Amino acid sequence: MGYKEETYVSETTENKEQLEELNAEKNEEVTEQGIEDTAETTTEQSEKHAENSVEEQLNNKILELEAKLQEEESRYLRLRADFDNSRRRSQLDREAAEKYRAQKLLTDLLPVLDNLERALQVEVSSDDAVSLYKGIEMVYRKFIDATKQEGLEAIPAEGEAFDPNVHQAVMQESDSEKESGIVLKELQKGYKLKDRVLRPSMVSVNE
């Protein structure tokens, strides 16, 4: 009996030790598998993080390049607008210079026209004076024709409504038969070169 008990105890102990070894091996396998899974997970996360980092860098680079492109396009548009404005101003300046090229000369000749008109207002009776008068009249007409070809025009005054843009009122008079603000007399003739006033008409205006 004692021998069987010892044999049983021995077998039981041996079985227990084998079971413990199996459990230990199993736990070791589970631990190794866990380590492997953790390592794989960490590797995947690292790779994913690296991919995300590269993608983020590419996106940032694209945004940077798009911003630079937009800046260059805006700069180009500004330069183009400045160039167009400069060219337009130059064209307008050239047109104005051509249009009003005779302005200074005609302005300087206005007193000459005034003197010729005053000379033609003088009454003459002698033959010599009449001949002189006709000569002055002929010069005056030639003069008017030449200035008209350059765009010189007399400003209408007497009987017109007063216009401060082309008339200069130097006195007021009263005429009940005419409306208020009507130019009654032209004291000095005014002239304009095309659409630019060289000298306003000096006038008397009805009250």
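Each value in this text was obtained by applying a stated rule to the coordinates, not by laboratory testing. Here the structure is a predicted model, which is why all the values come from computation and not from measurement. Reconstructed Cβ throughout: ideal geometry from the backbone, glycine too, with neighbour counts over all protein chains shown.
The table that follows gives values for the structure above.
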{"quantity": "Filtered residues of the range 162-182 (kept if assigned to a strand (DSSP E or B), in contact with a Gly (Cβ under 9 Å, 6 or more places away or on another chain) and under 27 Å from GLN103 (Cα atoms))", "calculated": "HIS167, GLN168"}
{"quantity": "Scan of the range 125-161 for residues that are among the hydrophobic types (A, V, I, L, M, F, W, C) and either within 23 Å of LYS185 (Cα to Cα) or in a loop (DSSP other than H, G, I, E, B) (or both), ordered by number", "calculated": "ILE144, LEU152, ALA154, ILE155, ALA157, ALA161"}
